[in-house]
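The next block holds one structure in the form of structure tokens; read it before the comments.
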Amino acid sequence: MHNRNLIYDGTFDGFLSTVFYVFEQQIDAVTIQSESDVQHGLFSENETIITDEKKANRVWKGLKNKVSKFGHYQLYYAFLSEQAGVENLLLDFIKYVFSTDLKVDKDFSHPSVLKIAQIAKMVGREKHRMEAFVRFRLTKDVIYFASIEPDFNVLPLISKHFKRRYADQKWLIYDIKRQYGLFYDLQKVDIIAMEFPSNFDFTKTNVDYFDQQEFEFQKLWQDYFKSTNIESRKNMKLHIRHVPKRYWKYLSEKQPY
């Protein structure tokens with residue numbers, strides 16, 4: 001039997017749409033891959049799945065009825081880990097969930113349930129680390145900017161924390177590795193992408209971009225704040241554009257918390 005490769009767009013809704021397709025078509029031998037990670041197998045056929053919000057919502061609603069709140073966040077956190085093959089682990093998890101009337105998201109005797117719990121725990125630790133150690137710097141445009149380079153895609157998970165904590169100032173947190181950021185304009189948080197010069201150095205602060213007060217403030221930090229991957233730099237004159245709407249689902253109601 002040929003294995004079928006199902007390719008999705010990399011979004012959470014895209015993944016859930018693919019899960020819907022697997023159940024609808026009753027496919028057994030299947031591999032789910034993001035379009036950015038496609039690998040062509042010798043005995044496999046590739047099939048692109050179009051993201052369908054209604055179908056994704058049906059799967060998510062079904063899962064909400066079958067797993068605890070704990071299970072929700074584990075599933076979503078594991079998805080954001082971007083670990084190789086995590087989609088297939090999640091599919092196995094979801095198949096197990098729908099195969100029984102019991103709530104099985106804490107049945108750690110099942111290999112996929114255990115593995116997803118372990119991955120989700122790592123993502124959760126990274127989330128808390130970012131919330132604790134993100135370092136903002138004040139730009140001349142009076143926007144507080146921080147760049148991060150986390151191991152996992154945790155930007156969607158830290159949005160609510162920073163919106164609550166810094167509700168009275170504009171801020172932008174940018175993920176260097178994934179090339180997108182969160183921008184808070186005092187009312188709402190948007191997902192944005194930015195175009196940086198190829199030689200842009202995030203580890204240095206330049207007087208062209210930052211307020212003089214920021215340099216004075218940094219003197220207070222330099223002796224004990226040494227974390228290299230939290231340092232940042234930002235030129236607000238650089239072009240800012242919104243990420244396509246389909247990626248906004250990372251900040252959607254699908255977040256368990």
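The table below gives the values:
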item: Filter result for the condition that a residue is polar (S, T, N, Q), open to solvent by 70 Å² or more (accessible area, probe 1.4 Å), in the same structural domain as V104 (by TED's automatic domain parsing) and closer than 17 Å to I94 by Cβ, over Q74, Q33, Q26; result: Q26
item: Out of V97, V154, V104, sole residue that is touching a helix residue (DSSP H, G or I) at 6+ places or on another chain (Cβ under 9 Å), outside the structural domain of G14 (by TED's automatic domain parsing) and buried (at least 18 other Cβ atoms within 10 Å of the Cβ); result: V154
item: Residues being over 18 Å from L80 (Cα atoms), open to solvent by less than 50 Å² (accessible area, probe 1.4 Å) and either β-branched (V, I, T) or not in a loop (DSSP other than H, G, I, E, B) (or both) - total across the range 157-189; result: 6
item: Boolean, D141 is assigned by TED's automatic domain parsing to the domain that holds S34 and either of a type outside the set (V, I, T) or closer than 27 Å to N5 by Cβ (or both); result: no
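The values are calculated or read from the model by the stated rules, or taken from the named source; none is laboratory data. This structure is a prediction, so every number in the text was calculated from the model and none was measured. Note that we place each Cβ from the backbone using ideal geometry, even for glycine, and neighbour counts take in every protein chain shown. Quick note on the areas: whole protein, heavy atoms, side chains included, nothing else; ligands and nucleic acids left out. Shrake-Rupley method; radii C 1.70, N 1.55, O 1.52, S 1.80 Å.
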